[in-house]
Structures are given as C-alpha cells and as structure tokens.
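Following: one structure in structure tokens, then a few remarks.
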Amino acid sequence: MYSKNMLNEIITILENEGYISNDQFDSVLRYSIIKDPEFTLILGAKLPIKIPILNKPPIELVSFYPSICIRPRRLDDSFLTMVRYLAASFKEAMIINLEPYKYDFNIDNYKSQISELVQKLYPNESNFEPEALKSEKEVILTIRNNILRDYDTFENSYMKISQDVFDIYRDFHLLPTEQLPPELDEGFPRNRRNWVVIFKKDSPDEYLMEEPGCLTYWRDFIHKNVWIRTGLESYSVNIWYEAFKDQNFKLNYLFYDWIIYCRGLIKKIIEPILDQMQFEAGLLKSFSEIRLLKEYLSKNGSSALFLPRIIYENLNSPEKDTSERFLFQGAPCSLEEMSAVEDFRLAELFERKGNYNRSLELLLNAKKKLKKFHHINGQIKVIFKLNDLVIKDKDYNKSVEFLSEALELSKSGQVSVVNIVNIHLSLGYSYALGNSAFKSETHNQIVKTFLNSLPSTKQNQNLICRMYLEFAKLNLIQEEYEEADANFKQLLKHIKKNSPYEFLYYFERAHYYNSVKNETKHYLSLKKAIEIDKGPLIERISANFELGKFYLYTKQDSEKAIDYLTKTLTMITDIDVESLKIKVKTYEIIADAYRARDYEEAARQASEEAEKIRERLDRIN
C-alpha cells in the first residue's frame, strides 16, 4: 500500500521536470502511473522528426519513443530519491544530450504535392475538434483510418512499402511470424485482420509491423529490473512514396537507419542512466512485462510507454480476430501477400451479391499473388472457388483448365489427400458434363483406386462417402438411374456414425426417387433427412422447402405445408443471392398455402414480401 501524499509527491517531482500524463501531440516527456494490481511507474519521451511545412497537427516523418518501466518493492524516501534521479537523467539523456536524427532528402520542389496529400489524410481544424487535434492518439487513428479509406489512391505505395521492408528485414534477423505480440494477444480489430504483417526476433524481443501506409518497430530489453522499450512509428510513408514517385523513390535505406537509431536508444538509457544509478539492489522488483502487457496495457494503453497504434484501435473495436492465414503455408512477409486474403474475401462478398464477373476478377488477382509467393495450398483453395464460379456459368472447358492447373500443383507433394481427391472428383464432373465421358471415367477410377488403397481412417471414410455421393449426383444429372442407385447403395454402406453424409444420403436419395417417380419414397427420404441434425444448411433449408411443396401440391395438406415453409423462412439468415431466391419461392408457395385455407390477408402479405425481395434481387443484378 502507499499513501496519497506519497503519490502526489511522485507526480510533483515528474511534473516539475516537465513530464505530463497525457498524449498531447507536442508533448516530449510523458509519464504513466499504474496503481493496480501493483504500483508501476513508466517514463517515456517522444522524439519526432518533423517536416518543415506549416501544418496543424505537424507533419512527422517518423517519431521515436524511448521508455522505461519500473516497479518498486516499497514506496519510501529511497524510491522518491530514485524517481528524482531517473526523471532528471532520462530527460538529460533523451532530450538535452541526445544527437537528433537527421533525414537527407530535399522537399523544396515537392511542397505542393506533399500539402495536397496531407489534406487528404490529416485531420484539420475545419472538421476536427480543437482538443482532439491536440491528442496524438486521436490524430494518428484518424490518419490510419483515412489510409484504409483511400485504398485505391495509395495501393501502389503499399506494395512499395512491402518491397522496401522485404529488402531490409533479414538484416536485423527478423523473421515473418504468425505469433502475435503479447499486447495483441486477443487479436486484431476486424477491419484490420488481413492488413497486418509481423516480423519477430527473440531474445531480446523485437518486432517489426507493416500495415498499409504505416511502419512500426519496437524492442524490449530488461536491465537491473528495469524494462526498457524503444519504438518507432511512421504513419505518413504513403505521402513520401506518392510525392516523390517521379524519382522512383525508396525508403528502405531510411527504414534501415531508423531501426539502427531506435536500437541505439537502449544503449543511451543503460550507460548514462541505469549503470550510473547508485541505489540498493533490492529497491526495484522484477516483474513480467508480458503479463503487464496482456493484462493491463492491452486494455488501457499508456501515454508514456510505446505501444503499436493498433492497440488503441483494439480498445474501440467490439470484435477482435486473430490474423487469418488460411491461404498461406508460412507466415506472409508482405502486404502484397496479405492483400490476397482481402481479394479472396471480397470475391466471396461479390459472389454472394451475384456479381460473378467481379468475383472472378478478384479471385484471379488472389491466385496470381499466391503463385508469386509460392503458396501452393492457397492457390488450390482459390482454384476451387474459381471452379465453382465457372460451373455456375456451365463453362466446363474453363473448369477443366483451372482444375488441370490444380492437378499440376498437386504434384509438388505439398497438397493434402483431401484436395487431391477433390481435384479428381471435380475433373470427373466437368469432363462428364463437357461431353468427355472417357476422361471423366479415368479420373473417377483414379479416385476409387486411390481411396481403396488407403488405410481405413475416419478422414478416408469421409472421402469414400464423398466419392460415392458425387458419383450418384453426377449420374442423376446424366439420367443414369441404375448407376445412381448402385452408387447410393455403396454410400449407404459407409455412412454409419457420419451424420453429415447420412443427411446428404437421404436428401440426394429423395432427388433420385423424385426422378424415377417414386412419390412415397421421395417423401419418406425427405422426412428422414430433416430428422438428422447435422448437414449443410442450404440443403437442410431445401429439404424443408421441398416437404412444404409436397404437402401443399401433392398431399393437399396446407396446414402441414405452412409449418414446413415457415420453418424454411426462419432458417434463411443469409442475404446472398441464392438465399434470397429461395426466400422468394418460399413466400410464393406459402401464399398459395394461405389461400388454400382462406387466409387472404396472410396470403397478401406473403406475396408482398416475395415482391419486395424480387425487387431487391433486381437491384443487385
């Protein structure tokens, strides 16, 4: 415990030396006091390198942030003496005696271009509260959001940043990593999860973080129970790439110098401050800086300790996600690689909206980037999505072209058994519908021989189920009913304790019985399917929809039909094009069911809902 008087005395000492407890943009010396769970004192400095163009807030090329963090064993006169010493000596070493960093490029001929770009990214007095303009945190968060907002303007400079980082990260023995820093243990804000590339070195911990338009670096070091952190950030690099693009401008040499300078600040703290400190050894406690980062600083921030700026975006983000690397075989090392994920995500969005051409374009972009960086399994995933799109357009030649590329990639030895089987099954399907029956049978036979040669594991049993299901579905499309029946019977032998395939067996079997005009077994198969909890959502929706139609038009039981169709509507939660089309049909049929029961008002409302969704689909198209 400590007295309020003691706390006030510590604050007085710090503020008399010029330290402040907030993050005013122009404040040079800063302090933070953490009271719980244990008293912790942080001293920090901001060392900005400003561009000589008049602007409010000022334009900074880069800022360096040295800081020290201590935890006393007790608060007494000895600790007060230490605080006086550290406050004065840290100020002297970091502000008075430190040789400033100098940049060596001339901006005289580019001031108008720079000013124009600053207006695009920086907040200004006309649209920002005066108090907010004083806050470093608020200003930089606004700039970072504007960078993402103007993605198209600065897309080329993002890739230049990536290349310049790529040129130098190995020089510092930093490696691309999927391991998040402790202060980001809970993940990234959702809107940034696919825009962050991290490089790391252990012992001492050292991180380099690359984001669109932003470069962040920090290093941690423990000396005599004092946690030292030095960091740097530059959030205006887009401005320099764009302003000087006629010179083929590169920042790799500056990035290199900045990191060297930032590293050197640790020595400037240790030698003139900590090594000269004449205090008893037990005055300061050792503590876990990782625990402090995870449990307190990641949730509260600090005006004195350097933290990557994304921490403050995390504080305002209700949803956090760990970075997604599902397209990569190793940690990505550039924003160009990471942008493949964004292309893939946007392609899925455009596909759901029914804009298949834009989706195709984005997927081809993603595939090109993944190929450049040798992510084979990522290319395979993208090819499967491309194949889904061209199959919707019945372009089986293009499907074969994409899948043949995937088959070549599978020869690398880096592709999973599941993907190899899916490639051959998809080729069998596309060749069959593209009138190449012999080639189709060749691929189907490859799958059958391959799977029968594998040990009987759960994964391999799932693949066998998938094989017979796909064979049977293809038979139905080609009206080969005897072959379909044989493949369904083979599937039935393998679906024990495999409920997703048990559901799909009865769901697709119902289609078979409908095709061969066996009304009773069609109905019984659908009933059996919906009794099984597990199975793909869109097929479970379809099963309830088909039962609603069956009860209304075949059984003439409108009450039962309304039950199944109402359940269908409650199951449709997505707003993609295919889901909306099912919703239209469901409302149209439920309107018929209401009319059959003389519920005219309910029928009218259902018809109006169908019409509203049709108009929505027309707008999308």
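Listed values, structure above:
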read-out	value
Set of lysines with alpha-carbon distance to Lys285 below 20 Å, sequence-local pairs under 8 removed	Lys35, Lys224, Lys294
Set of lysines with alpha-carbon distance to Lys368 below 23 Å, sequence-local pairs under 8 removed	Lys160, Lys381, Lys385, Lys392, Lys398, Lys411
Distance histogram for the range 139-252 (every C-alpha pair counted, 10 angstrom bins, percent rounded to whole numbers)	12, 42, 34, 11, 2, 0
Förster-model FRET efficiency, 56 Å R0, Gln179 and Thr566, C-beta, rounded to 0.05	0.70
Whole-Hz ³J(HN,Hα) from phi, Karplus 6.51 cos²θ - 1.76 cosθ + 1.60, for the range 269-283, glycine and proline x	8, 5, 5, x, 10, 6, 6, 9, 6, 9, 9, 5, 4, x, 5
The chain - Rg over Rh from alpha carbon coordinates, Kirkwood radius	1.09
Cα-based Lys proximity count in the range 417-507, under 26 Å, for pairs eight or more positions apart or on separate chains	19
Using a Förster distance of 56 Å, the FRET efficiency for Asp485-Arg170 (Cβ separation, nearest 0.05)	0.35
Largest to smallest principal axis extent of the C-alpha atoms in the range 195-308, angstrom	59, 32, 25
Computed accessible area, Thr153, all protein chains, 1.4 angstrom probe, square angstrom	60 Å²
Label-point separation in nm, Glu578 to Glu611, each point 7 Å along Cα→Cβ	3.0 nm
The range 1-151 - Rg and Dmax from Cα coordinates, angstrom	19.0, 60
Solvent-accessible area, 1.4 Å probe, carbon plus sulfur percent, for the chain	47 percent
Point-charge dipole on Cβ atoms (K/R +1, D/E -1) for the range 112-226, about Cα centre, debye to 20	80 debye
FRET efficiency, 1/(1 + (r/R0)^6) with R0 30 Å, evaluated for Gln119 and Val28 via beta carbons	0.65
Distance between modelled label sites at Asn252 and Asp598, nm, 7 Å Cα→Cβ extension	8.4 nm
Counting all C-alpha pairs of the range 510-604, share separated by more than 23 Å (%)	24 percent
Whole-angstrom gap from the range 79-136 to the range 410-473, using each part's C-alpha centre	61 Å
Neighbourhood charge, 12 Å Cβ-Cβ cut-off, centred on Tyr110 and excluding it, Lys, Arg +1 and Asp, Glu -1	-2
Entries of Lys201/Lys299; Lys527/Lys567; Lys353/Lys583; Lys250/Lys369; Lys50/Lys102 with Cα pairs more than 18 Å apart	Lys201/Lys299; Lys250/Lys369
Å³ per residue enclosed by the Cα convex hull of the range 203-263	79 Å³
Distant-in-sequence amide H partners of Ile20 (H built 1.01 Å from N, under 5 Å)	Leu29, Arg30, Tyr31
Straight-distance crosslink candidates among aspartates and glutamates, where the alpha carbon sits under 16 Å from Lys4 and sequence neighbours closer than 8 are dropped	Asp36, Glu38, Asp76, Asp77
Convex hull per residue volume in Å³, alpha carbons only, for the range 446-562	102 Å³
Normalised contact order of the range 196-242, rounded percent, pairs of Cα under 8 Å and 6 or more residues apart	28 percent
Distance in nm between pseudo-label sites at Thr457 and Ser404 (7 Å out along the Cβ direction from Cα)	3.2 nm
Computed over the range 1-118: relative contact order in percent, which uses C-alpha pairs under 8 Å that are six or more apart	21 percent
Solvent-accessible area per residue for the range 139-242 (1.4 angstrom probe, square angstrom)	31 Å²
Once exposed loop trypsin sites (Lys or Arg not before Pro) are cut out (DSSP; at most 12 other Cβ, 10 Å), longest piece of the chain	103-393
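The values are calculated or read from the model by the stated rules, or taken from the named source; none is laboratory data. Fair warning: this is a prediction, and the values are worked out from it, not measured in the lab. FYI the Cβ positions are ideal-geometry reconstructions off the backbone, even for glycines, and counts take in every protein chain you see. When the accessible area is computed, the model is the full protein with side chains, heavy atoms only, and any ligands, DNA or RNA have been set aside. Shrake-Rupley method; radii C 1.70, N 1.55, O 1.52, S 1.80 Å.
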